[in-house]
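Working notes, structure below.
The values are calculated or read from the model by the stated rules, or taken from the named source; none is laboratory data. Remember, predicted model here, so these are calculated numbers, not experimental data. Positions of Cβ are generated from backbone atoms using ideal geometry, with glycine treated the same way; all protein chains shown enter the neighbour counts.
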Amino acid sequence: MKTIDVLRRARRRILRNGWGQGMYRVHGAYCALGAIRLGPRGKLDLGPATNRAEGYLANVVGQNRPIAMWNDTPGRLKGEVILAFDRAIKNAKRRHPKGD
């Protein structure tokens, strides 16, 4: 799977299933990191494309702050998470126009 596909899948998961805080998956909803790290069948996937996808999202939310902390910030909104994924996807497309 390509990095862009991991980011798109994660964004789609949050839109379809909901967004949550505190755990990878809560009552069917995903946090930003869980949406990236949980593979197509819900099993943990820490492969190269997943690591690159996390890097793109981390660049958007601020590298000096872990994604999980950013996601779990009180007052964070689902729309902010989706926007961060949109920006990460845009950056990944720009850097790797034919995929990776």
Inset, instruction - Give the residue that is nearest to P66 (Cα to Cα), with candidates limited to residues of segment 1-42 that are free of Cβ contacts under 8 Å to residues at least 12 places away in the same chain and of a type in the set (A, V, I, L, M, F, W, C). - result: M23
Legend entry - Neighbours by Cβ (under 7 Å, 6+ apart or cross-chain): first from segment 63-85, among the polar types (S, T, N, Q) and surrounded by 13 or more Cβ atoms within 10 Å (Cβ to Cβ); second part of a helix (DSSP H, G or I) and modelled with pLDDT of 95 or more: N71/A32; N71/L33; N71/V81
Inset, instruction - Please determine, by comparing only the residues of segment 20-53 that are over 13 Å from K2 (Cβ atoms) and hydroxyl-bearing (S, T, Y), which one is surrounded by the most Cβ atoms within 10 Å (Cβ to Cβ). - result: Y30
Legend entry - Only one of A49, A35, A58 that is farther than 16 Å from R16 by Cβ, of a type in the set (A, V, I, L, M, F, W, C), modelled with pLDDT of 95 or more and part of a helix (DSSP H, G or I): A58
Inset, instruction - Find the residue count for segment 8-56, including only residues that are among the aliphatic types (A, V, I, L, M) and in contact with a Phe, Trp or Tyr (Cβ under 7 Å, 6 or more places away or on another chain). - result: 5
Inset, instruction - Being within 16 Å of K43 (Cα to Cα) and either surrounded by fewer than 14 Cβ atoms within 10 Å (Cβ to Cβ) or basic (K, R) (or both) is the filter here, so list the residues in segment 1-19 that pass it. - result: R9, R13
